[in-house]
Structures are given as structure tokens and as C-alpha cells.
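A short write-up of the structure that comes next.
Please treat every number below as a calculation from the coordinates, not as lab data. Keep in mind the model is a prediction, meaning the values are calculated, not measured. When we count neighbours, we look across all protein chains shown, and the Cβ atoms used for this are built from the backbone with ideal geometry, even at glycine.
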There are 2 protein chains.
Amino acid sequence: MPPGGVVFAENTEEIALTVALCAEHGVPVIPYGVGSSVEGHVLASAGGISLDLSGMNRILAIHAEDGDATVQAGVTRKQLNDALKGTGLFFPIDPGADATLGGMAATRASGTNAVRYGTMRDNVMATTTVLADGRILKTGGRARKSSAGYDLTRLLVGSEGTLGIMAELTVKLYPIPEAISAAVCTFPDIDSAVQAVIQTIQLGVPVARIELLDALSLKAINLFSKTTLAEAPTLFFEFHGSPASVEEQAQTVQAIADDLGGTHFEWAARPEDRSRLWQARHDAYFACLQLKPGCRCFPTDVCVPISRLAECIAATNEDIAQVGIPIALFGHVGDGNFHLVVLVDTEQDMKEAAWISQRVVERAIAMEGTCTGEHGIGLGKRKYLRLEHGDVAVEVMRALKQALDPNNILNPGKVLPPIT
Amino acid sequence: MPPGGVVFAENTEEIALTVALCAEHGVPVIPYGVGSSVEGHVLASAGGISLDLSGMNRILAIHAEDGDATVQAGVTRKQLNDALKGTGLFFPIDPGADATLGGMAATRASGTNAVRYGTMRDNVMATTTVLADGRILKTGGRARKSSAGYDLTRLLVGSEGTLGIMAELTVKLYPIPEAISAAVCTFPDIDSAVQAVIQTIQLGVPVARIELLDALSLKAINLFSKTTLAEAPTLFFEFHGSPASVEEQAQTVQAIADDLGGTHFEWAARPEDRSRLWQARHDAYFACLQLKPGCRCFPTDVCVPISRLAECIAATNEDIAQVGIPIALFGHVGDGNFHLVVLVDTEQDMKEAAWISQRVVERAIAMEGTCTGEHGIGLGKRKYLRLEHGDVAVEVMRALKQALDPNNILNPGKVLPPIT
């Protein structure tokens, strides 16, 4: 679904001019960052122009004392973190890909650090946004909190370019922890691993990351990253704090893991060991792709209340046993969020992948969870929006879209299901 | 501004029925919790009925493993915390008054714990909300995060009953810290105190509370609470964590305070000492009222980026020196949020109070802050909404109001300034 053309915008005014022209001629506008979204957000399903914001890559201000930075929407998270070197601060949200901050805000992205630092929902303080008629809207501000009026910033975060195009963002920054350590632990089954996570959180251990990987993911990682990790359900932890606090956190978690049959508890306090470990985790997606050379990936993600997580994964594994394609499972278990990396090659594989995806989504929603924890709706999950939120919520979303984009030119066809 | 009548609702269906009837007859509906809001939110400025939700006081579910609870909107924060006894969990948001959770959500309330636990914006996961035509809307869910569609929950939080009436809420809970300690420290001036706060946050000390009180507030507290605290700019701290972590946090903060001329650093690790200290802080408002027996209070609050806080307070103190009425200043300095408690008796006092309030609001906005950190807009601060957010944002807010409440029956006249 290629667009009719591409416009490369380098500042807010160029976005506004483009949108105003498109509004005049009824042409759809689809904002584009680096194209790392996975639910078809950037496809020109209704034609129109792709508005490439990758040239909007200037960091406009860093306020170290206040812990915030203002950037153009095309700045990527790694670029921002590079610019923060020497300030003692970092931007923690890490969805894996080196996505643009505008794209991450638009899809309400999160990733491995969300259990400690929240998602883009929590970390965008202000935006400059171009509306459907080309007007320039300022939302939010640099105060840490405000009760002044409707929360337009949060309405835009997660709206996937359908209500406005974010041109600039102000995001929160955090002090780089004095000490960081990581740990890995293998569990006899998924249920014990999830119990360890629940107990860790209930004890108030302020873990920065807790990631769950299944046996197949570990096998893929070992092959890809030349590691020798046990090929069993595994938790990866990261702890941030003072040296004493980090050590205490790791000890508390180790004691919990021991009680639940955890084995191979391995610490990584040295930066190089920690990097190796997390690099392996971050490469899990690519490692899985290598399980079946030449294949493509059909990714999906859901999120459930953590008390239902083990049950949700167990039932999903029963489904997986019924299909012939390789499916790895890993995720941000501290939030109850997990991904399936479904490897597909043939038409038949695609059918099986679609079946698995539908099963896990319907199961997550039945467990009071969500059809997507961090990927967004795009085109791929529109059909679940009504199931998850109900008819009235979809009608309200449609009324908001109508109020802000009455001619439906901003990323049309995304998020909202077609009217039936 | 009394309402034409009061309806006492006890469940969601009664709210829906009431709103549907009011919609039919064009009668304004003003939701009411315990009436502790301070910007005129519950006044019947356009007539209509007051919808009293205090009978909606049932706790519907506590999910200890997931760290959330679902309550009716009339449940107060203290009632919820009483119900949580024995679970090891608590609900941290504490605006001072024992407000209802529905009211707190509607005004995007926060209070002393926000620097660690966020505001109501961050802690409402889901709502059941009655729309302007009586339809019942479900927003959000119990997953810890979701990218599924527009964030209707955040749109309702802070909308002050003008977009919908929240009937039920699901809120986040947190583990009760294993250890809690408190500390007090006096500083030679406000600037040093604020510097201590900035350094504390930049070092990543996870303080749970940092409160600033000025000399007059301390004088009032000493008179009211029979304490003997130094009557000078003072910080109150609270630390949550493991016993070792709490001690380490306090030591780090003490070292910072020492460097900045802090004196009288006093620890309170014993629960009774800590309670006495925080009771004194919580009584500050009432203590200030006693400075001028028989007077009333004209409260105001603003919030600025913390780098501007000392400057904002210094300029405000210059204004205070020009009026004859007593004005105490204290606030949630970790967020850059402070309150003025302006004591008024006569018409002339009211004029001076209005002048002070306007000065501090305009100054906060000029410093990229907000006209209200946690009280809301109500009637009292409508005139500043455009100054803070700009014309386009106010037009967008009006478009959202029009989309969700086209006949303007939900708390009419609040939040949005009159069309001029």
C-alpha cells in the first residue's frame, strides 16, 4: 500500500503547510518516522501522502535541572540519549527499535523499562501538534503536574496520527542510576517465574526491568548470540539505585527465586557482563527470525493483569502446540505484557499465525487485559477495539475523531474500525 | 449559588437515569463528592441539580496480586485505605482533605506523595462513566498498560465533571514500604531549600515526599500543633523503602542539606514521631486559619519547572510584602508546586487576595508553569486557561466538550472560559 507521494518536513511550519494543503484537496496524510511500527500504522491504505519526519531531528532544549528535554518528533531515542551524555540524565523508554520519539508517542510505546519508568503515556509532558486543518496546537507544559483543563497531551499520545501530527515533544528525563546490576534466573515452569515476579513487586522491590523468555526464545538466543543460557523459562532482571540498594534488591529477588525453584541464578554487576546479557535479550527478536531462515515474522502483543499472566501463557502454549510453525514467547512480565514472535513462510503459515493471534487477543480481553500492550491498533487490531472497549467507547472515540478531523484526512482507516 | 435540588445516587444506573432525565429537560447536572474542592467546582452557577455521590461508597473489588482496586466514585481515600488493611497495600494519593476518589479523579488531584507515586492522572486505570445523554461508558482496563485506542480515561481525569460523570474507578495500589522514615531540616533561605530538592532529585534519591514550608507556616504550625520547630524555611522529607535504603536516602539528603547550610536536621524513624511531624504538616492549612481568628481562606496553587521555583517564590514574597493580609506559603516542592493560604476578612482583603493570586498565576505561566498544579480550574481559574494553553488549545477543548456534551448540561460553566 504505497503512498501517492512523500513529503519531507523539517519543521513544524512545513508540517502545517502540508496538512493545510492536503486538507484543501482532501488528501490523506500519514505521518512517518523510521517505519518500525508493526500494525500497519504507516501504510497508505486510503492513498494520500506519506509525511516523512525523519528530517525533524533537532534537539531543541535540554533542561537538566528540571529533568526534561524538548525535541523535534523525528529525533530517535538513541539520538536523544547520545545528546544527554554528560548531563547525568537519560531517557528510559526503550521499545527495542531505535524509533523516533514522535512515533513512540503516537503508538504509546513502552518496552523493557516500563515497569519502573512508565510508558510514553507517562513521559510526554507537552507537544506541539499540527491539527487536521493546519492549525498549530500547543498541549501540556513543563510543570511536573497540572490540573489546568483537559489533558490534550494524553489524548494525542496513542492516537497514532489520527487526531493530529505531533511535531515537537517535551519528554521527562531521569538521573542515570549510580549503580546498575542485572541477574538471570531459570525456573521449572512459567508459573513459578510469574509467581516470582508477583512476589517481587508486592515486596516493593523497585526493579527497573523484569523480562520473561520461554525455552524456544532461549534456544534462539543461544544460537544467535553464542550464549550458553539454560533453555528453560527464564527471568532477566535489572536493578537501578545506589550500590547498596542494588545489591539488596538482587538479594531479595534471589531469595524469592530460590523459594520458587529458581536455579542458575547468575549476577551481572560488571558493565560488560550486563551489556552482553541485555544485548542478548534485545536480539531475541532477530534471534527468533534465524530459527527459520528466510521466514518473516508475524508479531503480536497482549497485556493482562499479572495475576492472570501464567494462565494466559499456559493456554496460549496449548494453542501453539496445535500449529506447525515456530512461535517464541517473551515479554515485559512486570507489566503482564508478552509478545509472540510467530514465524511464517507460506500462506498456510499465515493462516495459523492469524488464528494464534486471534486466540491470544480474545483470551487477553476475556481476562480483563488488552489486545495490545505497546504495539498499537493500526490496521491490524482494529477488529478488536470494540471487543475490548465496548460499543459506547468506540462511539466516543469516533466522536472525538469527528470533532478534530471531520474530513478524515489524518491517517484515515487507522485505529477506528470501519463503520458496519 | 445553591442548586435547584439534590439527587442522591447510589449506583451507576441511578446516575444514568438522572442524567438522561436532565438531558431530556435541559437541566444542568453538577456532580458532588464531599465538597472539598476549592475553585467553585460544585457551585450551581447555571442552576440545575447537584448529584450527590456520597452514597456511592462501596468498594467493589480489591485485586491484591495485581495491585488495583475498583470502587464507586463516592469512596474516600481514607475509606479505601481502611479497606486495604491486611493486604500490605495502600493508595498513596493524598490531597489533604479526605476527598472522594471520584472527586479526586475529576480534579486531577495529587498532594504530598505525588513526587514518588504520581497524581490521579497516573493512578486511575479505568472508569465507568455516565455520558451527557445517559449512556454508560467503560474506559481503560485492568492491564498495567495498553496501546489500544484513544486514552478516554485520561480525557476524563481532570475534566471536572464537564465531559462525563465518573461512577466507578479502578485505581492503582502500592505495597506498603517495609520502612518509612521522615526528616526535617531548616534552611537559611528558600533558595537553599530548593537547591537541596533539585540536588536530591538529580541524585536519583527516590524520596516519597518533599514539602517546603515558609517561616509564617512554621509559626502557625507551632502555635496550632504545640511544636517547637524553627520558624524559618523548612523542608519535610519522607523516605520509603527497605530499612537500609531508607537510612541511606536520609544520609544522602542530610549531606546535601549540610552543604547548603541546612541546620536542625532532625530524623523521625519512630512511627509516633513521624506521625506527629506529618500531622503538623497536614494541619498547616488549619493552623494558618488560626493566625487570624474568624477569617476565611482564599487558597491558590501554581506549579513551575523546579529550576524556576526559588525565583517564583522570591518574586511572590515581594508581592506579599506589599499587602497587609497574612499569607502563608507551603507546597509540594519536589514537583515545583506551591500553595498560598491567603487570609481574608474584609472586602479590601479580598481585593488584595485577588491581586496576589493573579500575580502568582501570571508569573507561573510566564515561567512555563501552570495556573494550577492540583486544584483545578472550576470557576476561579477559567480566565487563565487561554493565557496558559493558547487560543487553539481552548478551541480544541471546546470542540471536545461540544462532541461529548452538545447541550452543555454537565457541570456547565466550569473549566472552559465563557465565549467572548
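Side notes on the structure shown:
- Separation of the stretch A:338-380 from the stretch B:234-259 is 47 Å, based on Cα centroids.
- Charge sum, other residues only, whose C-beta stays under 10 Å from A:Ala183's C-beta, Lys/Arg counted +1 and Asp/Glu -1: -1
- Label-point separation, B:Val323 to B:Leu21 (7 Å along Cα→Cβ), nm: 4.3 nm
- Chain A, relative contact order in percent, only Cα pairs under 8 angstrom and at least six apart counted: 17 percent
- Likely footprinting exposure, B:Arg108, B:Arg296, fewest C-beta neighbours within 10 Å first: B:Arg296, B:Arg108
- For B:Asn222, inter-copy separations between label points set 7 Å beyond Cα along the Cβ vector come to 7.0 nm, shortest first.
- Peptide A:62-68 - average C-beta neighbours from other chains (10 Å radius): 5
- Per-residue 3J(HN,Hα) values for the stretch A:333-350, derived from phi via the Karplus relation 6.51 cos²θ - 1.76 cosθ + 1.60 with θ = phi - 60°, read 6, x, 9, x, 9, 9, 10, 10, 9, 9, 9, 10, 9, 9, 4, 4, 4, 4 Hz in sequence order (x marks Gly and Pro).
- Counting Cβ atoms of other protein chains within 10 Å of each Cβ in A:105-117 and taking the mean gives 1.
- Given charges at Cβ of Lys, Arg, Asp, Glu: the protein assembly as shown dipole, positive-most of B:Pro412, A:Ala268, A:His282: B:Pro412
- Close amide-amide hydrogen proximity is noted between B:Ala99 and B:Arg77, each under 5 Å apart and 5 or more residues distant or on a separate chain (H modeled in the peptide plane; Pro and chain starts excluded).
- When the Gaussian network model of chain B links Cα atoms closer than 10 Å, the mean-square fluctuations of B:Ala230, B:Ala69, B:Ala126 top out at B:Ala230.
- Normalised size of chain B, defined as Cα radius of gyration per 2.2 N^0.38 Å with N residues, equals 0.99.
- Highest mobility in the GNM of chain B, judged by mean-square fluctuation with C-alpha springs under 10 Å and restricted to B:Pro206, B:Pro293, B:Pro243, is found for B:Pro293.
- Normalised by the number of residues in the stretch B:5-175, the mean separation of alpha-carbon contacts (under 8 Å, six or more apart) gives a relative contact order of 25 percent.
- Value of relative contact order over the stretch B:7-93, rounded to a whole percent, pairs C-alpha under 8 Å and six or more apart: 25 percent
- Distances between placed amide hydrogens fall under 5 Å for A:Ile176 paired with A:Leu89, A:Phe90, all partners being 5 or more residues away or on another chain.
- Using alpha-carbon coordinates, inclination of helix A:12-25 to the longest axis of chain A, degrees: 60 degrees
- Rounded tilt (10° steps) of A:243-259 against the dominant C-alpha axis of chain A: 60 degrees
- Taking Cβ atoms as reference points and 12 Å as the exclusive limit, the residues near A:Leu53 contribute a net charge of -3, counting Lys and Arg as +1 and Asp and Glu as -1.
- Projecting 7 Å from Cα along the Cα-to-Cβ direction, the label point of A:Ala366 sits 6.2 nm from its equivalents in the other copies, listed shortest first.
- Counting every alpha-carbon pair across the protein assembly as shown, the share separated by more than 38 Å comes to 40%.
- In terms of other Cβ atoms within 10 Å, A:Ile356, A:Ile15 run from fewest to most in the order A:Ile356, A:Ile15.
- Inter-copy spacing of A:Gly4 label points, which lie 7 Å from Cα along Cα→Cβ, given in nm from shortest upward: 5.2
- Karplus-derived 3J(HN,Hα), 6.51/-1.76/1.60, for each residue of the stretch A:36-49, Hz, glycine and proline x: 8, 5, 10, 10, x, 4, 9, 6, 8, 5, 10, x, x, 10
- B:Gln290-B:Arg58 FRET efficiency (beta carbon distance; Förster radius 25 Å; 0.05 resolution): 0.10
- As a rough footprinting exposure proxy, the listed residues A:Phe237, A:Phe330, A:Phe8 were ranked by other beta carbons within 10 Å of their own, and the order from fewest upward is A:Phe8, A:Phe330, A:Phe237.
- Phi angles across the stretch B:393-408 convert, under the Karplus curve 6.51 cos²θ - 1.76 cosθ + 1.60 with θ = phi - 60°, into 3J(HN,Hα) values of 4, 5, 5, 5, 4, 5, 5, 5, 4, 4, 5, 9, 9, x, 9, 6 Hz, Gly and Pro given as x.
- Shielding by other protein chains, B:80-89, mean Cβ within 10 Å: 1
- Residues whose amide H falls under 5 Å from that of A:Asp94, counting only those 5 or more places apart or on a different chain, are A:Thr112, A:Asn113, with hydrogens built in the peptide plane.
- In nm, spacing of pseudo-spin labels at B:Glu395 and A:Glu311 (7 Å Cα→C-beta vector): 5.1 nm
- Dipole of chain A, positive end: most advanced residue of A:Gln322, A:Gly67, A:Ser45 [Cβ charges, Cα centre]: A:Ser45
- Cα centroid of the stretch A:267-304 to Cα centroid of the stretch B:158-180, whole Å: 36 Å
- Helix A:190-202 vs. chain A, principal-axis angle (Cα, 0 to 90°, nearest 10): 70 degrees
- Helical contribution to [θ] at 222 nm, DSSP H n ≥ 4, -39,500 (n - 2.57), averaged over the protein assembly as shown, rounded to 500: -10500 deg cm²/dmol
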